[in-house]
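Novice: Right, I'll just put the structure down here and ask away after.
The values are calculated or read from the model by the stated rules, or taken from the named source; none is laboratory data. Owing to the predicted nature of the structure, the values given are computational and were not obtained by experimental measurement. Virtual Cβ from ideal backbone geometry, glycine too; neighbours counted across all protein chains shown.
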Amino acid sequence: MKRTKHKNINGWIVIDKPQGMGSTEVVNITRRLLDANKNGHTGTLDPFATGVLPIAFGEATKLIAYVTDGKKEYEFVLKFGFDTTTDDLQGEPVHTGGRVPSKDELLRILPAFVGKIKQTPPAYSAIKIGGVRAYKLAREGKNFEIAEREVEIYSLDFLKQVSDDSFQFKVCCSKGTYIRTLGKDIALKLQSYGHLTALRRTRCANFSISDTILLENLKNMVYEKSEQGFLMPVQTVLRDIAALAVSAEDAFKLRLGQRLSATTYGVSERQDEVLAAFEKDCLTALVRVEGKAIVPIRVFNLSK
């Protein structure tokens, strides 16, 4: 059976993920919509959550780690009074009768959660236990343990009280941080119980809410064949990496895995630094300065 050819599409689409939809489902939908050869997401966003979900297409998939490893920002609503099996409103109540703290109490304890902290990820998570996703084991009623991990909270701000028992916060954090666990731990710190009723990712590395598009709008744009209106360049995620302009001849060498002279390009002093090599406006490779050489560490096959 002859394999159907799909389009070679390179770049990023940032979806404003709707609640109730998994990240993999969004990947599959966007791949079908664009009839693309290859795409992938930059880390699972809970089905319960909404917001920024960057999708990499083609050559952009080589840069997924730069987004996955970047800082994340979320806004969330924490409801006090009881916790749940999933630490959000989709789970069943576990402990009830928890007290509702005052705003002043919350403000006093928030600094304890800023910096490097330890978390135990929730049972209903995508972490693998013996090769099986934790949430699958939890649904089957299996007993298992998830190891504690260190994450970093860069900032944690109180935004407002949204009801008698619910409060909204904004957090900037490292990869691997579970906001559901953060909410639960805040409640426990105040000798109460709590769970999230809303969770929205507002930033993922260099991508923010202003970069997103709704799936329905994407469908309309695809049907109208206005691809340039939503596809962001592969190099979008490299905004914080210095650019190195190379000649056409040297760009060809880099794509073959060959080294260039650091002296020729005047970068000998930038030892171990990663640079983005461009031939004119076309991303050629990510390179590292090692001794007297410019060494390609990731090459890209993009048309000019």
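Novice: Please find, among TYR178, TYR135, TYR124, the residue that is under 25 Å from the mean Cα position of the chain (by Cα) and free of Cβ contacts under 8 Å to residues at least 24 places away in the same chain.
Specialist: TYR135
Novice: If I ask for residues that are touching a helix residue (DSSP H, G or I) at 6+ places or on another chain (Cβ under 9 Å), assigned to a helix (DSSP H, G or I) and not hydrophobic (A, V, I, L, M, F, W, C), which ones from the range 60-84 would you list?
Specialist: LYS62, TYR66
Novice: Something else now. What's the number of the only condition in (1) surrounded by fewer than 20 Cβ atoms within 10 Å (Cβ to Cβ); (2) touching a Lys or Arg at 6+ places or on another chain (Cβ under 9 Å); (3) not assigned by TED's automatic domain parsing to the domain that holds LEU53 that LEU215 fails to meet?
Specialist: With respect to (1) surrounded by fewer than 20 Cβ atoms within 10 Å (Cβ to Cβ); (2) touching a Lys or Arg at 6+ places or on another chain (Cβ under 9 Å); (3) not assigned by TED's automatic domain parsing to the domain that holds LEU53, LEU215 is out only on (3).
Novice: Check off (1) at pLDDT below 95; (2) assigned by TED's automatic domain parsing to the domain that holds ALA123; (3) more than 22 Å from the chain's Cα centre (by Cα) for ASP35 and give me the number that stays unchecked.
Specialist: (2)
Novice: To continue, here is another question. Let me confirm something: among VAL77, VAL67, VAL52, VAL26, which residue is crowded, with 19+ Cβ neighbours inside 10 Å and in contact with an Asp or Glu (Cβ under 8 Å, 6 or more places away or on another chain)?
Specialist: Only one candidate qualifies: VAL52.
Novice: Of the conditions (1) within 28 Å of LEU286 (Cα to Cα); (2) under 14 Å from the mean Cα position of the chain (by Cα); (3) in contact (Cβ under 8 Å) with a residue 24 or more places away in the chain, HIS41 fails just one. Which one is it?
Specialist: Against the list (1) within 28 Å of LEU286 (Cα to Cα); (2) under 14 Å from the mean Cα position of the chain (by Cα); (3) in contact (Cβ under 8 Å) with a residue 24 or more places away in the chain, HIS41 comes up short only on (3).
Novice: Within the group VAL234, VAL246, which residue is within 24 Å of SER23 (Cα to Cα), in contact with an Asp or Glu (Cβ under 7 Å, 6 or more places away or on another chain) and crowded, with 18+ Cβ neighbours inside 10 Å?
Specialist: VAL234
Novice: Please give the number of the condition LEU182 fails out of (1) closer than 24 Å to THR50 by Cα; (2) at pLDDT below 95.
Specialist: Of (1) closer than 24 Å to THR50 by Cα; (2) at pLDDT below 95, only one is false for LEU182: (2).
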